[in-house]
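Visitor: What follows is a structure written as structure tokens; I'll ask about it next.
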Amino acid sequence: MACRLRLLVLLFTLSSLAFAQENNLDSLKREALAKVESHQQLIQQMVDQIFSYGELGFQEVETSKYVTGILEKNGFKVERGVAGIPTAWVATYGSGKPVIGFITDIDCIPRASQKPGVAYHDPIIDGAPGHGEGHNSGMAVNVTAVLVLKELMDAHKIPGTLKVFPGVAEELLGTKAFLIRAGLFKDVDAVLGVHVADEFGTGYGQTFAPQGLVSVQYFFHGKASHAAGAPWDGRSALDAVELMDTGWNFRREHLRLQQRSHYVIINGGDQPNVVPSEAGVWYYFREMDYPHILESYKLGDTMAQAASMMTGTTFTKKLVGSAWPPHFNKVIAEVQQKNIEAIGMPKWDAADQTLAKALQKELGKPEDGLKDKVEELKPPSPANEPGGSDDVGDISWVVPMVYLRYPANIPHTPGHSWADGVAMATPLAHKGSTAGAKVQALTALDLILSPETLQKAWVYYKDVQTKDLKYTPLIAPEDQPAIEMNREKMEKFRPEMRKYYYDSSKYKTYLEQLGIQYPTVKK
Ligand SMILES: [Zn+2]
């Protein structure tokens, strides 16, 4: 009897403990939301500031300096130049378990310069890079979330560690495999990634853009000679490029339908009367999973080898990027979905809708404006759904990860273009980023305060996701990050772009600094 009583008391204590914890979680969540709201000006400044920097992959110097500065000022310890990448870093706060990672991209798109709030093509600087994907808003989401979490952890003595990572050169699929190789995710228990979208949602399994790839440049080396006077003395590197491409295009007919491959000739020689001694071609080999990506890549090498044999040239290659198809964690996605539903879509006003519809009209798309409902939890995509690639895929294979799509852009934009920059330093993006920051903070609290959730996430990772397929990097041990990429392009435009960097000490918003009426639409 005494024993049973003790058991009852124990059960009661346990359940009241759980109750207290749950209540605690609810009140912490309320506190988190209020704190995110109180950071709205910072969110606006971060979105606008990074938009104005418009830096291409591997050249995110100002962006990284700015973001790490904010984190350092708030007590985060920053390690710079990680994994041999000058613009990569890790910012850490707190101590002990769990360790929650936050990642989002910071690079922009070539030739995507665009005045924000203007619903037609109107570049700030013609030909310059710009945030034609909306990566400028991601750090506003993640940094706000971690600052809020830090305040809560301090105030309530909650143990745990926060780690912030930048997605450097995501547009080149250029860095995640190297961050992993440098061991940066070894002690991380879960990663909450975010990416800008025109919707509010999350998913699990291979959820979107399910392809992975290698991005590799082949350089052929021949012998120069006078193309008319002594062609027999020359060996054309351009011939090798053309034969490689021809070989690949014939072989393409006999590849799986799931593959996608494309190339550009990056060097075709100098002038016709000189037999080109140097030429180069840049390939993307995309497939649905690691074994098939590797198979494609090896076939590419075979084509290059054969082309060099046919032409009496030699070749070298450089891996520029690689990405596993992402696979997101079901357990964390379900938790995140509840938070998305609790927060709901931002409250768009007439100006936001006017901008969205005017841009949609300009693009010849349905003029249905901004979305007003959050998405349902997205199950794994069908195996044959083609798409782009994202090198966060690699991270999702080494630690349970989810990828929040937050609503800071306009539906029906083409992606990777000036049109995708139109909303990205306007109230529309500020509101969407605020909503995203809320979900990031809430989901992190769920993980920090519920060890069971994290444990279940790892069970999914081990017993479902990686049961039959384990992570092997697509990069070889000798491959190094392509940190020289985009240097010349950025150097060409940076002096002019500098004149348009956002000065938040003088102007309330970037729109105000540029003197743009929000929204500006064609009459
Ligand atoms: Zn992106």
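The values are calculated or read from the model by the stated rules, or taken from the named source; none is laboratory data. What you see is a predicted model; the values in this text were computed from it and never measured. Cβ: placed from backbone, ideal geometry, glycine included. Neighbour counts: every protein chain shown.
Condition check ((1) farther than 16 Å from Ala351 by Cβ; (2) in contact with a Pro (Cβ under 8 Å, 6 or more places away or on another chain); (3) outside any loop (DSSP other than H, G, I, E, B); (4) in contact (Cβ under 8 Å) with a residue 40 or more places away in the chain) across all residues:
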site	(1), (2), (3), (4)
Glu488	yes, no, yes, no
Glu491	yes, no, yes, no
Pro495	yes, no, yes, no
Ser504	yes, no, no, yes
Gln517	no, no, no, yes
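Visitor: Condition first: touching a Phe, Trp or Tyr at 6+ places or on another chain (Cβ under 6 Å) and within 16 Å of the ligand (Cβ to nearest atom). Now tell me which residues in the stretch 111-140 satisfy that.
Guide: Ala112, His131, Gly132, Asn136
Visitor: On the phi > 0 side of the Ramachandran plot and not charged (D, E, K, R): is that true of Gly138 in this structure?
Guide: no
Visitor: Now, a different point. Say we look at the stretch 253-306 and pick out the residues that are modelled with pLDDT of 95 or more and among the aromatic types (Phe, Trp, Tyr); which of these is surrounded by the most Cβ atoms within 10 Å (Cβ to Cβ)?
Guide: My answer is Phe285.
Visitor: Mind checking whether some residue in the stretch 148-158 is closer than 22 Å to Glu79 by Cβ, within 16 Å of the ligand (Cβ to nearest atom) and not in a loop (DSSP other than H, G, I, E, B)?
Guide: No: the stretch 148-158 contains no residue that is closer than 22 Å to Glu79 by Cβ, within 16 Å of the ligand (Cβ to nearest atom) and not in a loop (DSSP other than H, G, I, E, B).
Visitor: Let me ask something additional. Conditions first: (1) in a loop (DSSP other than H, G, I, E, B); (2) farther than 30 Å from Thr207 by Cα; (3) touching a strand residue (DSSP E or B) at 6+ places or on another chain (Cβ under 7 Å). Pro276 passes all but one, so which condition is the exception?
Guide: Pro276 satisfies all of (1) in a loop (DSSP other than H, G, I, E, B); (2) farther than 30 Å from Thr207 by Cα; (3) touching a strand residue (DSSP E or B) at 6+ places or on another chain (Cβ under 7 Å) except (3).
Visitor: Given Phe208, Phe185, which one is part of a loop (DSSP other than H, G, I, E, B) and at pLDDT below 95?
Guide: After applying the criteria, what remains is Phe208.
Visitor: Same structure again: Give, as residue ranges, the helices (runs of 4 or more DSSP H) completely inside the stretch 320-428 that count at least 1 residues that are acidic (Asp, Glu) and more than 30 Å from Gly57 (Cα to Cα).
Guide: Those helices (runs of 4 or more DSSP H) span 330-343.
Visitor: Looking at the stretch 74-90 only, could you name the residues that are under 16 Å from Lys176 (Cα atoms) and of a type outside the set (Phe, Trp, Tyr)? I'd like the intermediate steps shown before the answer.
Guide: Just the residues of the stretch 74-90 that are under 16 Å from Lys176 (Cα atoms), to begin with: 80-90.
Passing the criteria: Arg80, Gly81, Val82, Ala83, Gly84, Ile85, Pro86, Thr87, Ala88, Val90.
Visitor: If I ask for residues that are within 16 Å of the ligand (Cβ to nearest atom) and surrounded by fewer than 24 Cβ atoms within 10 Å (Cβ to Cβ), which ones from the stretch 172-191 would you list?
Guide: Matches in the stretch 172-191: Leu172 only.
Visitor: Could you tell me whether Glu199 is in a helix (DSSP H, G or I), within 16 Å of the ligand (Cβ to nearest atom) and either touching a residue at least 24 places away in the same chain (Cβ under 8 Å) or within 18 Å of Val392 (Cβ to Cβ) (or both)?
Guide: The answer is no for Glu199.
Visitor: Please verify whether Ala237 is buried (at least 22 other Cβ atoms within 10 Å of the Cβ) and away from the ligand (no atom under 16 Å from the Cβ), treating the condition exactly as stated.
Guide: Yes.
Visitor: Continuing with this model, one more query. Pick from Val214, Val164: which is more than 16 Å from Gly436 (Cβ to Cβ), touching a residue at least 60 places away in the same chain (Cβ under 8 Å) and more than 16 Å from the ligand (Cβ to nearest atom)?
Guide: None of the others qualify; the one that does is Val214.
Visitor: In addition: How many residues are without any contact (Cβ under 8 Å) to a residue 60 or more places away in the chain and either over 12 Å from Thr202 (Cβ atoms) or crowded, with 24+ Cβ neighbours inside 10 Å (or both) if we restrict to the stretch 307-343? Working first, answer last.
Guide: Let us first name the residues in the stretch 307-343 that are without any contact (Cβ under 8 Å) to a residue 60 or more places away in the chain, namely 309, 338, 341.
After this cut, where a residue has to be either over 12 Å from Thr202 (Cβ atoms) or crowded, with 24+ Cβ neighbours inside 10 Å (or both) as well, the list is 309.
Result for the stretch 307-343: 1.
Visitor: Could you tell me whether any residue of the stretch 41-55 is without any contact (Cβ under 8 Å) to a residue 24 or more places away in the chain, away from the ligand (no atom under 16 Å from the Cβ), assigned to a helix (DSSP H, G or I) and of a type in the set (S, T, N, Q)?
Guide: Filtering the stretch 41-55 for residues without any contact (Cβ under 8 Å) to a residue 24 or more places away in the chain gives 41.
Narrowing the set further to residues that are away from the ligand (no atom under 16 Å from the Cβ) leaves 41.
With the extra rule that they be assigned to a helix (DSSP H, G or I), the set shrinks to 41.
From the residues that got through so far, the ones that are of a type in the set (S, T, N, Q) too are 41.
Yes, that holds for at least one residue.
Visitor: If we keep just the residues of the stretch 339-398 that are within 16 Å of the ligand (Cβ to nearest atom) and aliphatic (A, V, I, L, M), which is modelled with the highest pLDDT? Spell out how you get there, then give the answer.
Guide: Filtering the stretch 339-398 down to residues within 16 Å of the ligand (Cβ to nearest atom) leaves 387-396.
Filter once more, so that each one left must be aliphatic (A, V, I, L, M): 392, 395.
On the way: Val392: 95, Ile395: 98.
Residue satisfying both the conditions and the ranking: Ile395.
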